[in-house]
Amino acid sequence: MFQTFKEWFWLERFWLPPTVKWSDLEDHDGLIFVKPSHLYMTIPYAFVLIIIRHFFQKFIASPLAKTFGIKEEVRKKIIPNSVLENFFKHSTKKPSQTDIYGLAKKCNLTERQVERWFRRRQNQDRPCRMKKFQESCWRFTFYLIITIAGIAFLYDKPWVYDLWEVWKGYPRQPLLPSQYWYYILEMSFYWSLLFSLGSDIKRKDFLANVIHHLAAVSLMSFSWCANYIRSGTLVMIVHDVADIWLESAKMFSYAGWKQTCNTLFFIFSTVFLISRLIIFPFWILYCTLILPLHYLQPFFSYIFLNLQLMVLQVLNLYWSYLILKMLKRSIFTKLAAAAKLLQSYPTLCDPIDGSPPGLPVPVIFQARILEWVAISFS
């Protein structure tokens, strides 16, 4: 039964254009072609990355965090209590006054002792800034390295500058060593993130992260097996370039460097919107959806690939909406603070521009700019 399913799953009509067979993609004359078996190596490499991450966070991220003034939080231990622990896990983490009264009677404790126990228990589940910084520092480092590597791998490739080259000779396109390592490392990284979900900080977007990582692995695996390597590398570089700025913004946020964090988030927003709303739809999707039709008739893997990429673009639009919403809220928050500053001394304003006497010109200028920007968003 398994053999029958395997034969059906790998039918050439699902993966390759008409008239092309798997035998056409066998290695010959020193040329190496992609094989699904290559993907097996992503699992052991994922565990290697997890080991590297452990030592990185211990010997690099932790000292760096302390340099930024982030200290290990010492939390008070709680006295083990099975009744309270069971209530905490299965009922609610924030008991009402009636619940506290009943639990105090059941455990032979005072109400104040029960309240203190729940408060300390909640603090134990609250992620510390040190761990958050370590995780963001690791992701920032990987995205930085893989983006630099991607640029180094792609800068001299003709299909980066001429999109027609992406489909020239498809699917009989040999695999380059740089493409192999770029793909394998990227997939291994996402596998490592999936394997470490149990030990990583569980954020509000936990489920979204699981779906994102699985979708990334699925899309890369499919594009590998169908030999969409050239377009796949372009998709990866376009999506990685913004993540560097996001993770760096998080690092400075955890360190308390709010101004630097805001600047980096603005850069991230700009790069994200350009790469995901301009380059990806008008460059990548055009390349995968329109250009192949000049060479090939539509076939199953072509349709399936573009469906996945269009779903990805829908997600990009959703994330862009959230980013713009955050930017708008941030601008209006600053506007309110600037307006409050300008109105602090209503009877002592400068008769020329209405600003308080002695107020620094840059502050006035910044407030005016924020006002203009806010008006444009309203």
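The values are calculated or read from the model by the stated rules, or taken from the named source; none is laboratory data. The shown structure was predicted, so the numbers you read here are calculated from the model rather than taken from an experiment. No Cβ is skipped: glycine too gets one built from the backbone with ideal geometry, and neighbour counts run over all protein chains shown. These area figures cover heavy atoms from the full protein model, side chains too; ligands, DNA and RNA do not enter into them. Shrake-Rupley method; radii C 1.70, N 1.55, O 1.52, S 1.80 Å.
Structure above, values below:
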{"quantity": "Residues being over 30 Å from Leu197 (Cα atoms) and part of a helix (DSSP H, G or I) - total across the stretch 10-47", "calculated": "8"}
{"quantity": "Considering residues of the stretch 237-262 that are in contact (Cβ under 8 Å) with a residue 24 or more places away in the chain and β-branched (Val, Ile, Thr) only, the residue farthest from Leu322 (Cα to Cα)", "calculated": "Ile237"}
{"quantity": "Members of the stretch 1-53 found to be touching a residue at least 60 places away in the same chain (Cβ under 8 Å), surrounded by 14 or more Cβ atoms within 10 Å (Cβ to Cβ) and farther than 26 Å from Leu185 by Cα, listed by number", "calculated": "Phe14, Pro17, Val20"}
{"quantity": "Where a residue in the stretch 82-110 is over 21 Å from Arg126 (Cβ atoms) and its partner, wherever it lies, is open to solvent by less than 100 Å² (accessible area, probe 1.4 Å) and hydroxyl-bearing (Ser, Thr, Tyr), with Cβ under 7 Å and at least six apart", "calculated": "Ala104/Thr110"}
{"quantity": "Verdict on Ile211 being open to solvent by 60 Å² or more (accessible area, probe 1.4 Å), at pLDDT 95 or above, over 30 Å from Lys21 (Cα atoms) and among the aliphatic types (A, V, I, L, M)", "calculated": "no"}
{"quantity": "Qualifying residues in the stretch 77-127 (those that are of a type in the set (Val, Ile, Thr), in a helix (DSSP H, G or I) and over 40 Å from the mean Cα position of the chain (by Cα)) - the one surrounded by the most Cβ atoms within 10 Å (Cβ to Cβ)", "calculated": "Ile100"}
{"quantity": "Count of residues meeting criterion [open to solvent by less than 80 Å² (accessible area, probe 1.4 Å) and either hydroxyl-bearing (Ser, Thr, Tyr) or modelled with pLDDT of 95 or more (or both)] in the stretch 292-303", "calculated": "2"}
{"quantity": "Filtered residue count, the stretch 141-153, keeping only those that are under 19 Å from Ile70 (Cα atoms) and open to solvent by 50 Å² or more (accessible area, probe 1.4 Å)", "calculated": "0"}
{"quantity": "Matching residues, the stretch 157-190, being aromatic (Phe, Trp, Tyr) and either assigned to a loop (DSSP other than H, G, I, E, B) or more than 23 Å from Phe33 (Cβ to Cβ) (or both)", "calculated": "Tyr161, Trp167, Tyr170, Phe189, Tyr190"}
